[in-house]
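Presented below is the structure to which this report refers.
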Amino acid sequence: MIDINSKGSIIRILYNQLRPETLESVIEEFVTRDGTDYGGAEISLKRKIDQVKRQLKSGQAVILFDESTKTCNIFSKSDPRVKDLEI
């Protein structure tokens, strides 16, 4: 998991800097993690991936890479932990 408190090692990755298959893999890993809950309705994997892609393209979500842990995560742009980062 990304350590938001280690600001010096956090890099924002623009979704369009990734090859399409890499972006798809990053998003798929994110939406299939344990603890990911989309409520009572069952949503297909493709739909979940499409939703996250739209959020990344619209700027509502960001991809962050933590150099110290070599981990990647997707955060809502409105997440208070992200708002404080200068990325």
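Using a 1.4 Å probe and ignoring any ligands, DNA or RNA, find the accessible area of residue 45 and quote it in Å² to the nearest 10.
Spelled out: residue 45, probe radius 1.4 Å, area about 70 Å².
If the chain between residue 53 and residue 65 were fully stretched, how many nm would it gain, using 0.36 nm times the residue separation less the Cα-Cα distance?
Working: separation 12, 0.36 × 12 = 4.32 nm, distance 1.70 nm.
Roughly 2.6 nm would be gained on extension.
The values are calculated or read from the model by the stated rules, or taken from the named source; none is laboratory data. Worth saying up front: this structure is predicted, and the values here are computed from it rather than measured. Just so you know, the surface numbers come from the protein's heavy atoms only, side chains and all, with ligands and any DNA or RNA stripped out. Shrake-Rupley method; radii C 1.70, N 1.55, O 1.52, S 1.80 Å.
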